[in-house]
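Reading through the structure tokens given below for one structure.
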Amino acid sequence: IFEQPSILADTINAYYDAESSELNFSNLTIDFSKITKISIIACGTSYYAAMVAKYWFESFINLPIEVDIASEFRYRDSYLPENGLSIFLSQSGETADTLAAMRYAKQKGQITLSIVNVKESSLDREADFSLQCFAGPEISVASTKGLTTQLTILLLLTLHIAQETNRVSKLEISRKLQLVAEIPGRISEILNNVESVKVIAREVAQARNTIFIGRNYIYPIALEAALKLKELSYIHSEGIAAGELKHGPIALIDENIPIIILAPQNNLFEKTSSNAQEVAARGGKLITISSAEGNASLKNLSKYQINISHSDALIEPIIYAVPMQLLAYYVAVCKGN
Ligand code: BG6
């Protein structure tokens, strides 16, 4: 977790030359103007990275984008048109379902691109094209720097495809690249202020169930936060799209369940705030993760808060993933796991 600022700087440098302001995907000799559909396939944490990428791709690339879990995709009859591009995400490069899904996509004539951390892994070797994450070894099963490097590459790849297909002006691309360059510093800031996360971890460690809520591109981060917590602390945890809360899950809310609301201060902040009010009205133990200003407006509702410096919406999924990794880690430490 604490290696992320330096590793992400390395990953960014591998695909973006800050001096010339140019993206560097020279090995990716795909004619993106001919691509008819993009599918992104993965398992676990890598699948949540794929979900975030769908929001980015849809914002910048005018193509049908499909995201699927590898163990579903390989047994489905997904529409795979000629000149379709299938992207496979995997930290290890060896996950059996993801590998089988790639072989299936190849059989169906798809162009295959893997994004893996482990060089010379099966997914790296078998794909038509491959990009490496440069995260270094992931010692534990739970992927942390694996996730944030995948996300960073996916964001740079989105900008590369947008540039190659002339969807976004050069000026706009270089503005977005400046935001990407801010990521390591913003993550350092979070890692230098872990006290509030430790306090919350002590509370969450007492719970039997927890719920994480997010909206839009932060929704997959809520899913990832729940996965990380259950995988490290053995506490049952669910990630829920904020707007879905009222369609059933609200029945679970009582004073014993910590509800962690990921509410970056963006154009959907008011919507997520109203979900926070629904939770508070049912006596839920609310923990809000937002900018200082966003948290100030939620102060009367939430029991605990984590402040994250306000940043552009584009990079927020990468930034907000980190306090969630810390929370899972400190809860696991509290429980002696
Ligand atoms: C699972 C792990 O077995 O594999 C998850 O428990 C992980 O943490 C998932 O995200 C996918 O792994 P990979 O290596 O394909 O990204």
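Structure above, values below:
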| item | result |
| --- | --- |
| Filter result for the condition that a residue is surrounded by fewer than 19 Cβ atoms within 10 Å (Cβ to Cβ) and either in contact with a Cys (Cβ under 8 Å, 6 or more places away or on another chain) or farther than 24 Å from residue 142 by Cβ (or both), over 286, 268 | 268 |
| Sole exception among (1) open to solvent by 10 Å² or more (accessible area, probe 1.4 Å); (2) without any contact (Cβ under 8 Å) to a residue 40 or more places away in the chain; (3) not hydroxyl-bearing (Ser, Thr, Tyr) for residue 116, by number | (1) |
| Residue in the range 124-144 that is in contact with a Phe, Trp or Tyr (Cβ under 7 Å, 6 or more places away or on another chain) and within 19 Å of residue 57 (Cβ to Cβ) present | yes |
| Selection status of residue 87, within 16 Å of the ligand (Cβ to nearest atom), hydrophobic (A, V, I, L, M, F, W, C) and assigned to a strand (DSSP E or B) | yes |
| Where residue 309 falls short, out of the listed (1) surrounded by fewer than 21 Cβ atoms within 10 Å (Cβ to Cβ); (2) modelled with pLDDT of 95 or more; (3) of a type in the set (Ser, Thr, Tyr); (4) part of a helix (DSSP H, G or I) | (4) |
| Residues of the range 289-306 that turn out to be in a loop (DSSP other than H, G, I, E, B) and open to solvent by 30 Å² or more (accessible area, probe 1.4 Å), as a count | 4 |
| Selection from the range 144-184 of residues that are open to solvent by 10 Å² or more (accessible area, probe 1.4 Å), under 21 Å from residue 308 (Cβ atoms), in contact (Cβ under 8 Å) with a residue 12 or more places away in the chain and in a helix (DSSP H, G or I) | 145, 176, 179, 181, 184 |
| Residue match in the range 35-55 (condition: among the small types (Gly, Ala, Ser) and surrounded by fewer than 19 Cβ atoms within 10 Å (Cβ to Cβ)) | no |
| Selection count, the range 30-69, where residues are without any contact (Cβ under 8 Å) to a residue 24 or more places away in the chain and either within 16 Å of the ligand (Cβ to nearest atom) or farther than 19 Å from residue 180 by Cα (or both) | 1 |
| Of all residues in the range 75-84 being touching a residue at least 24 places away in the same chain (Cβ under 8 Å) and in a loop (DSSP other than H, G, I, E, B), the one that is farthest from the ligand (Cβ to nearest atom) | 82 |
| The range 91-133, subset within 19 Å of the chain's Cα centre (by Cα) and of a type in the set (S, T, N, Q), residue farthest from the ligand (Cβ to nearest atom) | 132 |
| Residues within the range 1-29 that are of a type in the set (A, V, I, L, M) and open to solvent by 20 Å² or more (accessible area, probe 1.4 Å), tallied | 5 |
| Evaluation of residue 230 against (1) closer than 21 Å to residue 316 by Cβ; (2) without any contact (Cβ under 8 Å) to a residue 40 or more places away in the chain; (3) surrounded by fewer than 22 Cβ atoms within 10 Å (Cβ to Cβ) (one fails), failing number | (1) |
| Check on residue 250, aliphatic (A, V, I, L, M) and either touching a strand residue (DSSP E or B) at 6+ places or on another chain (Cβ under 7 Å) or within 16 Å of the ligand (Cβ to nearest atom) (or both) | no |
| Criterion (within 16 Å of the ligand (Cβ to nearest atom), out of contact with any Asp or Glu (no Cβ under 6 Å at 6 or more places or on another chain) and free of Cβ contacts under 8 Å to residues at least 24 places away in the same chain) met by exactly one of 72, 19 | 72 |
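The values are calculated or read from the model by the stated rules, or taken from the named source; none is laboratory data. Just so it is clear, the model here is predicted, and its values are computed rather than measured. Note: ideal-geometry Cβ built from the backbone for every residue, glycine included; neighbour counts use all protein chains shown. Quick note on the areas: whole protein, heavy atoms, side chains included, nothing else; ligands and nucleic acids left out. Shrake-Rupley method; radii C 1.70, N 1.55, O 1.52, S 1.80 Å.
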